[in-house]
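Just so you know, all these numbers are worked out from the coordinates, no wet-lab data involved. Every value quoted in this text rests on a predicted model; they were computed, and no experiment measured them. Cβ coordinates were reconstructed from backbone atoms using ideal geometry, including for glycine residues, and neighbour counts include every protein chain displayed.
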Amino acid sequence: MSPQSHRVTERGRTDKTRLIPFKFDGRDYVGQAGDTLASALLANGVHLVGRGFKYHRPRGILSAGSEEPNALIQLGQGQRSEPNTRATQIELFEGLVAESQNRWPSLAFDIGEANNLVSRLLPSGFYYKTFMWPASWWEKYEHMIRRAAGLGKAPVGRDPDRYEKHHAHCDVLVVGSGPAGLAAALAAARTGARVILADEQSELGGGLLSNSEATIAGKSTEAWRSDTIAAIEACEAATLLPRTTVTGYYDHNYLTMVERVTDHLANPPAHLPRQRLWKVRAKRVVLATGAIERPLVFRDNDRPGIMLSSAVRTYLQRYGVLSGRRALVFTNNDDAYRTALSLKEAGGVVAAIVDLRIEVSGALLDAARAKGIEVLLGHAVVATKGHKHVRSVSVMALTGAGDGVQGLAREIECDLIAMAGGWNPTVHLLSQSRGKLSWNEDLGAFVPGQSFQAETSAGSCTGALETADCIRQGLKAGMDAARAAGFKGRAPAAPKVEEHSGSGGMRLIWTVPSTRPVGRGGKHFVDFQNDVTAADIRLAAREGYQSVEHLKRYTTTGMGTDQGKTSNVNALAILGDVLSSDIPGVGTTTFRAPFTPSAIGLYAARNVGEFFDPERRTMIDEWHREAGAKFEHVGQWMRAWYYPKPGEAQRQAVDREVKAARDGVGIMDASTLGKIDIQGPDAAEFLNRVYTNAWLKLGIGRCRYGLMLHEDAMVFDDGVTTRLAENHFHMTTTTGGAAGVLDWLEEWRQTEWPEMKVHFTSVTEQWAVVSICGRKSRELLAELCDDIDLSGEAFPFMAMREGTVSGLPARVFRISFTGELSYEINVAARHGLALWRALMAAGEKHAITPYGTEAMHVLRAEKGFIIVGQETDGTVGPDDLGMDWIVSKKKPDFIGRRSLARPDMLKPDRKQLVGLLTDDPNEVLPEGGQIVADLKPAPPMEMLGHITSSYYSPNCGHSIAMALIKGGRARTGEKLFVPLDGKTVSVRVVEPKFFDPEGERANG
Amino acid sequence: MLLIECPWCGPRDEAEFAYGGEAHIARPTEPDKLSDAEWAEYLFLASNPRGTYLERWRHAHGCRRWFNAVRDTYTHEIIEIYAMGSLPKSKLGIQAYEDSWRRGSAAEQNAKRGSAKS
Amino acid sequence: MAEINQARSPLAGVASSEGGSSEAGIRLTERPFLGKLVLRGDGGDGFLKAADAALGTAPPIEPNTAATIEEVSILWHSPDEWLIVTATSAETELANRLRETLGSMHAAVIDVSDSLVALRLSGSSTGSLLAKGCALDLHPRAFGPGQCAQTHLASALVTLHQIDDTGTWDIFVRASFAPYLWRWLEDASLEYGLAYGTG
């Protein structure tokens, strides 16, 4: 084939002076600027572009748009390789590399075509009836099926492209830029409204780009198109977005759009993203989404060279490509006559027009006959021939009723079939918006019914087929939308349109009869992408899958990447025929976003890697990193976990830290703890209601530990709260609970006790907190602080003093999570690092040891202190934890009080917190390990509870663990078992306090 | 992504808000007088209608104020936004409030007895 | 003063204060150590008068608006909460003045100078940049100078304050989210060109 053998140079919008080389299946071709991959292939006479999904039959380009089911291409190489891209939407660029899919070893010779020979064994749902025996072979079968299934290859490696997300707001969003969309955008934009006009194609104009015979307002179609676009662009608040698919319609007029920014460029600029995801909130939406042509369902209608009639016209008028030299036009309506006339004018041969309709009249028919085109009314194509390219058809007359054929068959040679089955309004977005569809019997199509959101449809998507009607509807819709959004003005006058028309009318024969029953001798394809035939639909109905939802899933019709754009209505109609039901009775399935497939990277956009989730670090973090600390996630925070010295593994480092924190001085960064400033005359009373214990009489400068319950009496947070002044408190919470507790306090104040005068303000990040603990901590603090009396009498345990530490204004809290003598020094966060460094320097002589969260966990566990979220999970109450002592029996009301008296909370076999010791002191139990009393050789065994915390305790010299066990406290002294994978560990139940059980050291 | 009109800040995306469950669950003021079953009914049972629902929201990522809403749980239409601590004024809202089983519940009677507010 | 010399910003080691092309569409800078206070009060006349006496102007009661007098800005956060922004080291004296004029009223003044980081964003493309991470309608028809809002910017909660009509914004973000947000703004500015500092 000579290069661009099928290019018609005097037609189309492509630029013959800019030739573009590209590769398809390893061969070099040349196309023109403005081509899609599909038009460029057709220009080179290439029709075979793929193999069907199941039967591997040769397939060619069917359409010229996003509805394309056959020409699915593996585009690009390496990490950018993208499967299942539609050749009809790929804009040609220099160096484009494309491969066909689903064939091996080659497109021309594909072993998979053997499936076609055994196709009678592979109808819809065959896999529900096969691969069942022997059952043990299932994994082998699955392996084979997986290799055979699927289309295209996923790329290996990360998506290297940048994607962006943008929010946008507008008064009117117009979807589609054909005559209706352009008219709507013009009318709306002229009022000054903020208008966004989006179209999935590379140029605006929609159908006007390929149907250019009409005269609009005395101008050529092209002049009207470009003048209208210029007029819209001149409106300051209008945004025009070609290459932008509106892809999803959500609640309250929220829509998503995918803009292809650089996909069409050979060398994308580095600073631009590949694509943008727009998230638009529109006051009003105008859907001008056009209509998609229906294929006709006739025997063997899937050969390469069998195309939609409007696509043949588009390739000719818009791209300057002749899809075949000898065309056969097969139609049930007038529109295909326009295709025949165009082909003839461009120098092609039209072998015949085969029209299912018996009676036809009008200008189009006359024009066709005038050009010498044979028109066969009341006839049908009953068979086709040609393995890799159609080469002839068999034509017969229909019976009067159209349900059979009669007379003699006539063979007509052709290398192109342009089929026209009518138009399906593109109602996907309307349907996603929850708008209703209604069936139009005359058009044989679903048209927009009741809107659900603030939206109107205009143009071909309402069923209007004449350009004049489309423009008129668009002007009205755009104007109404702008007015509803609060803008004034008058729509431009509807222009006069002159174009050819026919007699109208369509003959709907959903399954074109042939010489043999459906399913015999050939295949009537309905869904080209998933290889679903009319016989499959009949089979499904016979087998009882008669609801449209079952039909879809059993046959997989409409479930491909095209979501059935060219097959849905045909499938429903055939089902309707089989069930003798009308189509509204059959119903429709739901359209789902996205309208066309989009890259996962687009939805991730920037939010990968370092931007996946904010990483929060304290002001002292730099020191931890320099010291070689390992970190762990605590929510979004990265906290120092342990500080290994050279050669130390985690265990050694933690053991060392845990010992040093008691014996010498430990230092820890506790800045992440939640801190809430509470002020107001009702502050103390409020605390009284949210904590289980008493707060009214807490002295100024004194600290108290508090437990918070939900109304169901389950523990949900704890912390130490300090009275700074009569009406001023400083509350601390767990790191993870900080935001939740603040929300909780606000909820109760705003919704339940609005009369209480108290303010809550988060100060979590205002203060850096450095905790020092151990025998020598007082001595160390004294070196840096000379304005606070640190003696035990002047500064007792659970008190707070203000002063300066290392010259920095500070609040010093004498509280302890480790059970050692301990001071938590709070300074303004900007001074946190300076404070830490000063303590480290002064502490050097005391062998000061930084310790991380792991050591902190061990230290508190040695004391039996709980961690909310570790010993509790929302089902654990205070008494379960052995903390009945903190529950006031006198307070008239606090959150959770009533629920403590619920029978379920008083059951003796509730899970209670206990300690566990192992026989082997070095054996450390796994957290989460299940505990049983009645040990059996294998599960099932009755589980009594689980291990909540477990560590090796260097201060005790043996492992320690805490657990929640049914009736745990009554089991003290008992021997229980922890069955693990491969072994069982015996444990002894003890009180959950392992080190310094009398608590003397914190009081030192 | 619903568009919700915060009474203070105006219309904002749903992502700025946190849901607060069913509205007008009055907290009993003398809970000791309720049986365990009546208390459990107050605590654990919630309505789950298809249709008009009275619910609470807070503008979590904005002004942090709580407010009430009348929303159709099927269509997601937000029929009315009204202040925390007040009752709906829309027809559907008033209907949903009056029809709710909670109006006759022991917990609500208990709440009315003890306190001055509705 | 020892304490000033030992002060460190949450953006230390992250934020640049100079560099970039003068033609950049985005200019980003940190405004370090600004004095910041949270003012709580019932928004009634007595409270407004008392606050006015200390601040020089009354806290705005119109939601999501800011009042500015000299170097003090008062941003509405909620019917009972305002964010006050003032010059570096001026917050303590201002807080004391406020506590004095508010007296025994049910009100509170809380120092949050270290809780929040202040960023200044300016340039011709700031609207597009913010629209990448903020769902608010910031078009001049919907949002103007003197307006502020608490909202999301990327995954951070921020207070945005529009300073003028040439695309200048103040962004206040919690300290521990500042490094993430700074890096996000840098990355999102790539296609517009980015410069640092006050220019």
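Our helix-only sum for chain B, with -39,500 (n - 2.57) per DSSP H run of n ≥ 4 divided by its residues, gives a mean residue ellipticity at 222 nm of -6500 deg cm²/dmol.
Cβ-Cβ distance of A:D743 and A:L265, R₀ of 45 Å, FRET efficiency by 1/(1 + (r/R0)^6): the value works out to about 0.40. Between the C-alpha center of region A:622-691 and that of region A:42-56 there is a gap of 64 Å.
Cβ under 12 Å from A:D718's Cβ, A:D718 left aside: what net charge do those residues give with Lys, Arg +1 and Asp, Glu -1? If you can, show how the numbers build up before the last one.
On the way: positive: A:R704, A:R860; negative: A:D717, A:E871.
With Lys, Arg at +1 and Asp, Glu at -1, the net is 0.
Applying 1/(1 + (r/R0)^6) with r as the Cβ-Cβ distance of A:I412 and A:I111 and R0 = 41 angstrom yields a FRET efficiency of 0.80. Summing charges over all other residues whose Cβ lies under 13 Å from the Cβ of A:T672, with Lys and Arg as +1 and Asp and Glu as -1, gives -1. Compute the separation of the alpha-carbon centres of region A:59-93 and region B:9-66 and state it in Å as a whole number. Computed from Cα coordinates, the inter-centre distance equals 51 Å. Evaluated over the Cα positions of the protein assembly as shown, the convex hull gives a direction-averaged projected area, one quarter of its surface, of 56.6 nm².
Remark: the A:E711-A:R902 segment gains 67.6 nm on full extension, using 0.36 nm per residue and subtracting the alpha carbon distance. Is any residue of region A:335-365 close enough, with backbone N under 17 Å, to a label point placed 7 angstrom from the Cα of A:K16 along the Cα-Cβ axis, and if so, which? Only A:345-348 fall inside the zone, counting backbone N under 17 Å.
In nm, what is the difference between 0.36 nm times the number of residues separating A:T9 and A:F126 and their Cα-Cα distance? List each step's numbers first, then the result.
Numbers: separation 117, 0.36 × 117 = 42.12 nm, distance 4.88 nm.
Going from the current span to full extension adds 37.2 nm.
Spin-label model, A:R146 to A:S986: label points 7 Å out along the Cα-to-beta-carbon direction sit 4.6 nm apart. Taking a Cβ cut-off of under 12 Å around B:W39, the surrounding Lys, Arg, Asp and Glu residues balance to a net charge of -3, with basic ones at +1 and acidic ones at -1. Model label sites at A:S791 and C:D45, defined 7 Å from Cα along the beta-carbon direction, differ in position by 5.6 nm.
Bridgeable lysines around A:K279 (alpha carbons under 22 Å apart, same-chain partners fewer than 8 residues away excluded): A:K165, C:K132. Estimated from the Cβ-Cβ distance and a Förster radius of 25 angstrom, the FRET efficiency linking A:Q450 and B:L3 is about 0.75.
Neighbour counts of other Cβ atoms within 10 Å put A:M856, A:M638, A:M307, A:M798 in the fewest-to-most order A:M798, A:M638, A:M856, A:M307. The distance separating the Cα centre of region A:530-588 from that of region A:5-35 comes to 39 Å.
Between A:D442 and A:E802, the modelled labels are 8.4 nm apart [label points 7 Å from Cα along Cα→Cβ].
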